[in-house]
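Quick notes on the structure that follows.
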């Protein structure tokens, strides 16, 4: 996988688009799925948004492009009951999205047999706020995609696309994680304090997260109140700590929380850190295999307890 | 008589206002973005891009204290917040779409009961608007009846000139006064205006949209749009005109603060009753309220619309919901009353 | 690194979250045995360490604790079989998170103290109290508590005073 | 606290003078304003509501349940179901709470002069009518016949039990009280049946009569057709709506039903008005 050009060949996306449409048409016509959850183009040039297609005549609306950033697993979580109520759903997933889907299965939120999974080979998607230029480049590719290890989803009912040679990208997320880890606690505190102070508590991070499907979020509860609801530095800090903790060992790393943050808070850094810790401590990693229990829902008698007196 | 001001003098004006003890709020770089924030000096003014959050927080803070309380054996003591203590402010280089929302919000905050937290901030703030020379594909001010050089709400208005300076028009007495006190920073004349921004979306027929909304409380459209809505508050919080808020007590039983803070009608718990009953139980109902409030309810009540076409909700929506697209669609819809099916 | 901040007036507030079966009984034993330990510790009793949500630890810091002690039964001794095993993983993860956020972990101590270990309870409580005393007050969360977004900042001295009085 | 505060969100302090447990979970507070001037000058109309604060928990919205004709105090009645109501419930006589109000519109009582009145209430929804009932009883000569149909799930769920007795004993009111089937004890002396059924049985004349209905949505749903059958026009039927509110002042944007702000245009509406609203409550 070497590529001397610093861009990604857009041919992949066009090929995948065709394949998604064909597969969608097939499953809808055969009645194998009541709806296909995929992406469609937005009004603005170079944008895309989630699409729920039920009519085989409309499959041509489906697309795959570097703008197809959304993790559609969100639409199969308990938070979106109406969609699942339609019946068997076909869903288009990138590798990172599939990990979330698998996580939801592990948490008994979904049954594999209720889904028709259309896996797409993905070379990367756009960074939030990047220019909508084609092809995707060092400038415009999302941070998570620079060090993606799941370009090709595994275990889907059908997987479409062939991965082109990819350029080498600097792994900015890992580098940023290392940079933070090397800081003193006081430096890290001021780093996060500054970021969280900008938070406006729109909860976009929570609402797009496939794993934030609780009917009653702890942070919306007021008897007792665990986290202040006002967008002040104090409550913001608490909210982001609680969010990161509740996703620890569950997060599949799709980085949607960070992408959607209108205040550009690097939320995936927290998720990455927790994923790294849980891998080191308990060997857990989000993947394509359904696990009955997450790392914080199980234990071993010989787990590390060097931090306990 | 029109005046002009150089970019350098605009920054000196900010320095002078700060020196007078005014709070000067304007676009300032904040990490990866620009935000409206207090400027310590003119140099901090950052005119490169549209600030990520609207300027509404100048009048309607994200969160503000409305009282503090203390409770002990003697009883309860409440400390009032005097809205009169709000500092004199100059909002500088605010975009027309942000500024135009302020007079619209005056209506709701002043009908019958007067919300002095908002109104006092309005009274104490002088607004220097700035025409836009660049629009992106989310901008649609012209579609909702405004324009990149609309002076609605501004006290003083700056129009960029080809030479990098600005033409400066006093719109109100407040603006005149500010101009007069700092006359030495301005020059006579009007210069050559730089070409204005040209938002791409055509003018919307807002009356037709209103007429459709009047009769389509129930319509399949709401389900179609909002099926993908994730239910976050990004659109409402970035919007210059959204003004829903919550009132909460924070602190303990013995001491604490009552605060007013931004809220959003897209949140599931927004209208939830203590009993568990929720009048707007599903996302399409909530999204409908958002559109209805902006383009019908507020029009019915105050004859104004809660949208200035800034495009922030379009840029920020995690799932690509595009209000301009929805309005265009509504504008071309059949005006026959709804089917009654949602 | 905080040791130089000598402040004799400073009495740290230590919140101890303990399980009722082991550590609470251990602390009780310390009391009946008239063992001395600093009076800074406020004990909050739980049925099991498994019930001690990391949010409680966060909340304690937010509400003004200078140090937090979490203690329960030794592994294998849990009254509910595995509560403390589950808690152990959760605490390990939460510790890492707090550290990454920038909370000095010297303010947070976990321990296993059985019903018979009154002496160990005294030792753990004393050690944490003295360590935190040397570090000085936990300023980070307290400062956050008083910070406002610029737009909502309050300017009257009266209100500022009333406001600062809020813990 | 400043008398001339410009802060519309600032409550007045009131002391709890009396607590009455109406049922196992419904409680009445009698409140006396601490500030003498406020105590003397506080005036409201039947149907208006207020925001009551339990400091530290927040504010909750209830109607003012006492009659405008009774001065020197106000009363509110609430069920402990949420954060604020539970905090209120934990308070004792002598404790202080905050009160903001009165807010909203009211029953147009002047328009009822010379008419017969039928009050229909279910469960905890009697307080919004009780304020008007007492005002009408205090001004008894201004009205024709007064009928009160009040029901609850069980005997224990009836509120204002002492007053029900008083109304029963007065010669100038017809009280029909009922409990749902199975909700009665052996010595229950009222009716057994759902409110709409009992209303139909009681069959008050619609002639020159105003009906005032308040109760859970399901009761209202079945009561309106009964009233229609009895000959009541929608414009002669009044009800009160309740929605989640925060400001009570027409600002915060959550209590609206369509373009109607319940806190400003309501809470009192005629059935005709309610039917014209989008069905969103």
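Some values worked out for this structure:
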quantity	calculated
Enumeration of residues in region B:249-259 that are within 7 Å of another protein chain (Cβ to nearest Cβ) and at pLDDT 90 or above	B:249, B:250, B:255, B:256, B:257, B:259
Any hit, region D:268-276, residues being in contact (Cβ under 8 Å) with a residue 60 or more places away in the chain and within 14 Å of chain B (Cβ to nearest Cβ)	no
Strands (runs of 3 or more DSSP E) wholly inside region B:123-225 containing at least 2 residues that are under 17 Å from the mean Cα position of the chain (by Cα)	B:125-130
Residue within region B:290-312 that is in a loop (DSSP other than H, G, I, E, B) and within 7 Å of another protein chain (Cβ to nearest Cβ) present	no
Members of region D:250-274 found to be surrounded by fewer than 22 Cβ atoms within 10 Å (Cβ to Cβ), in contact with a helix residue (DSSP H, G or I) (Cβ under 8 Å, 6 or more places away or on another chain) and more than 24 Å from residue D:126 (Cβ to Cβ), listed by number	D:258, D:259
Count - residues of region D:227-243 that are within 14 Å of chain B (Cβ to nearest Cβ) and without any contact (Cβ under 8 Å) to a residue 12 or more places away in the chain	0
Output for region B:34-43, where each listed residue is crowded, with 17+ Cβ neighbours inside 10 Å and either within 14 Å of another protein chain (Cβ to nearest Cβ) or modelled with pLDDT under 95 (or both)	B:34, B:35, B:36, B:37, B:38, B:39
Candidate set from region B:260-289 (those that are outside any loop (DSSP other than H, G, I, E, B) and under 23 Å from the mean Cα position of the chain (by Cα)); member that is nearest to the other protein chains (Cβ to nearest Cβ)	B:261
Subset of region A:102-131 (residues that are surrounded by fewer than 16 Cβ atoms within 10 Å (Cβ to Cβ) and either under 15 Å from the mean Cα position of the chain (by Cα) or within 30 Å of residue B:137 (Cα to Cα) (or both))	A:129, A:131
Residue in region A:141-150 that is more than 23 Å from residue A:102 (Cβ to Cβ) and either free of Cβ contacts under 8 Å to residues at least 24 places away in the same chain or touching a strand residue (DSSP E or B) at 6+ places or on another chain (Cβ under 8 Å) (or both) present	yes
Region D:195-211 residues that are outside the structural domain of residue D:232 (by TED's automatic domain parsing), paired with ones that are surrounded by fewer than 21 Cβ atoms within 10 Å (Cβ to Cβ) and modelled with pLDDT of 90 or more (beta carbon under 6 Å, 6 or more apart)	none
Number of the condition not met by residue D:99 [criteria: (1) at pLDDT below 95; (2) more than 15 Å from the chain's Cα centre (by Cα)]	(1)
Selection count, region B:98-122, where residues are touching a residue at least 24 places away in the same chain (Cβ under 8 Å) and more than 15 Å from the chain's Cα centre (by Cα)	4
Among the candidates B:160, B:148, B:199, residue that is outside the structural domain of residue B:13 (by TED's automatic domain parsing) and either touching a residue at least 24 places away in the same chain (Cβ under 8 Å) or buried (at least 18 other Cβ atoms within 10 Å of the Cβ) (or both)	B:199
Residue among D:51, D:75, D:59, D:92 that is closer than 26 Å to residue B:277 by Cβ, more than 9 Å from chain B (Cβ to nearest Cβ) and touching a residue at least 12 places away in the same chain (Cβ under 8 Å)	D:75
Entirely in region C:80-148, the helices (runs of 4 or more DSSP H) that have 3 or more residues that are buried (at least 22 other Cβ atoms within 10 Å of the Cβ)	C:83-101, C:118-135
Residue check, residue B:143 farther than 19 Å from residue B:9 by Cα, surrounded by 24 or more Cβ atoms within 10 Å (Cβ to Cβ), in contact with a helix residue (DSSP H, G or I) (Cβ under 8 Å, 6 or more places away or on another chain) and more than 14 Å from chain D (Cβ to nearest Cβ)	no
Leading residue by the ranking (nearest to residue D:87 (Cα to Cα)) among those in region A:183-226 that are within 12 Å of chain C (Cβ to nearest Cβ), part of a loop (DSSP other than H, G, I, E, B) and over 23 Å from the mean Cα position of the chain (by Cα)	A:224
Residue in region B:230-250 that is over 26 Å from the mean Cα position of the chain (by Cα), surrounded by fewer than 22 Cβ atoms within 10 Å (Cβ to Cβ) and not in a helix (DSSP H, G or I) present	no
For residue D:280: the one exception among (1) surrounded by fewer than 20 Cβ atoms within 10 Å (Cβ to Cβ); (2) closer than 16 Å to residue D:120 by Cβ; (3) touching a helix residue (DSSP H, G or I) at 6+ places or on another chain (Cβ under 8 Å)	(2)
So residue D:192, is it more than 14 Å from chain B (Cβ to nearest Cβ) and buried (at least 18 other Cβ atoms within 10 Å of the Cβ)	no
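Results for (1) touching a helix residue (DSSP H, G or I) at 6+ places or on another chain (Cβ under 6 Å); (2) under 30 Å from residue A:228 (Cα atoms); (3) surrounded by fewer than 21 Cβ atoms within 10 Å (Cβ to Cβ), shown as yes or no for each residue.
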| residue | (1), (2), (3) |
| --- | --- |
| D:15 | no, yes, yes |
| D:20 | no, no, yes |
| D:23 | yes, no, yes |
| D:30 | no, no, yes |
| D:35 | no, no, yes |
| D:43 | no, no, yes |
| D:51 | no, yes, no |
| D:54 | yes, yes, no |
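The values are calculated or read from the model by the stated rules, or taken from the named source; none is laboratory data. Just so it is clear, the structure is predicted and the values come from calculations on it, not from any experiment. Methodologically, a virtual Cβ is constructed for each residue, glycine included, from the backbone with ideal geometry; neighbour enumeration extends over all protein chains shown.
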